[in-house]
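Down below is the structure, laid out as structure tokens.
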Amino acid sequence: MKKVTVSSPGKLMLYGEHAVVYGHPCIVTAIDQRMFLSAEKNDSGVFELNAPDVNVSNYSKPVSKIGNGEMPKGAQFVEIALKNVIRDKKISINGLKITTNSEFKSTFGFGSSSAATVCTVKALSELYSLGLSKKEIFDLAFKTVLEIQGKGSGFDVAAAIYGGTLYFVTGGKKIEELGLESLPLIIGYSGIKADTVTLIDKVSEKFKNNKKRLDEIYGEIEIIVENAKRALISKNFKQAGKLMNDNQTLLKELGVSIKKLDDMIESSLKAGAYGEKLSGAGGGDCMIALGPENKVLQIKKAIEKAGGQILEVMANAQGVRIEKL
Ligand code: PMV
């Protein structure tokens, strides 16, 4: 029976989080820690899923029930993606066995749900010869994420598909590959799990009586993103770092930073980083820093001293790909 293994990268938001939910651009990079998914066609009449990283083991249901009824939380993204591809592309499935394995923990905020969704759509495209383009994979995967989460820009879905470092506008209105050669990022994990939708709602709540300032902040973030795009392309990391600091000041005003992240950020700045900020929704997950080559060790030590864990991750990784046919 036909089998395929695909993989897609995790992501880190570089600039523009929160504003990108509301029509503004952001910059996101794909990282070299990947989600792997193997899918095998069979005639069992059953859909079966094993996803050990999210505690799903031997979950199964008749193929006719895919996307309906109860499903474990860890199975949602794969199962709803399957349902959307089956409906949208009008394919009939006789039986399917899927296994996922991630190189990174789902608690890091690297986008494991989006990566699993993208892998599912890509694997079906291969198994059922759908020949889906990157944009078609994006549309199906983004629809799936929105159906489950209700909110989000789709930046993580784009990173999983296109890879590299992207200039991205809400819902995939623009997806531009910046073509960077390298990106000397330092990544510190706060050890605290953040929930994206809770943080998005927190911002709306905080500014419910001050919509004007919120729009101004998003406008200022947009200018930072445009300037950062130029700085990164011209390898001006000093300027790119300064823009991270400016972005962080606005994220603090949005109310999404926390003391642990602030401490890690402050220590890395004292240790000589060009700049740093939280990455993603805030409330936990990771911070990122850009620093001169000769200060990297001190910066890493400073982040650890402030209670962070250094994650050795390379930016600018390849997008979704077939590993084995
Ligand atoms: O929580 P994360 O790391 O997936 O980042 C969320 C970034 C937001 O802009 C707040 C949401 C989004 O979908 O763009």
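Derivation of every value follows stated rules applied to the coordinates shown; laboratory data play no part. For clarity, every value in this text was computed on a predicted model and none was experimentally measured. Heads up, the Cβs are rebuilt from the backbone with ideal geometry, glycines too, and the neighbour counts pull from every protein chain shown.
Just a few scattered comments:
- Prolate/oblate/rounded call for the range 189-282, Cα gyration tensor, a/c under 1.5 rounded: oblate
- Prolate/oblate/rounded call for the range 112-250, Cα gyration tensor, a/c under 1.5 rounded: oblate
- Each Lys or Arg adds one and each Asp or Glu subtracts one; over the other residues with Cβ under 10 Å from the Cβ of Asp201, this totals +1.
- Relative contact order %, the range 209-324, counting alpha carbon pairs below 8 Å whose residues are six or more apart: 22
- Mean Cβ count within 10 Å, highest first, over the residues of peptides 51-57, 117-123: 117-123, 51-57
- Residues whose amide H falls under 5 Å from that of Asn316, counting only those 5 or more places apart or on a different chain, are Ala30, with hydrogens built in the peptide plane.
- Rough spin-label spacing in nm, given labels placed 7 Å along Cα→Cβ, for Asp32 and Lys324: 2.2
- Between Leu180 and Lys208, the contour length at 0.36 nm per residue exceeds the Cα-Cα span by 6.2 nm.
- Legend: residue pairs Lys173/Lys235; Lys3/Lys90; Lys260/Lys301, Cα-Cα distance threshold 18 Å; pairs beyond threshold, Lys173/Lys235; Lys3/Lys90.
- Distant-in-sequence amide contacts of Cys286, defined by a placed amide H-H separation under 5 Å and a gap of 5 or more residues or a different chain, comprise Ser190, Ser279.
- Pairs from the list Lys2/Lys97; Lys105/Lys252; Lys105/Lys229; Lys135/Lys174 with a Cα-Cα gap above 21 Å: Lys105/Lys252; Lys105/Lys229.
- Remark: spin-label model distance Asn42-Glu253 equals 5.7 nm, labels positioned 7 Å along the Cα→Cβ axis.
- Per-residue [θ]222 nm for the chain (sum of -39500 (n - 2.57) over DSSP H runs n ≥ 4, rounded to 500): -12500 deg cm²/dmol
- Within the chain, DSSP assigns beta bridges of which about 90% are antiparallel (rounded to the nearest 5).
- Percent RCO, i.e. relative contact order, over the chain, from Cα pairs under 8 Å lying at least 6 residues apart: 25
- Given their separation in residues at 0.36 nm each and the Cα-Cα distance between them, Glu266 and Lys238 gain 8.4 nm when the chain is fully extended.
- Modelled spin labels at Glu312 and Glu147, positioned 7 Å past Cα toward Cβ, are 4.0 nm from each other.
- Fewest-first sequence of Lys270, Lys259 by Cβ atoms within 10 Å of each Cβ: Lys259, Lys270
- Too-long pairs where the Cα-Cα distance tops 27 Å, listed order kept, from Lys41/Lys83; Lys122/Lys238; Lys211/Lys305: Lys122/Lys238; Lys211/Lys305
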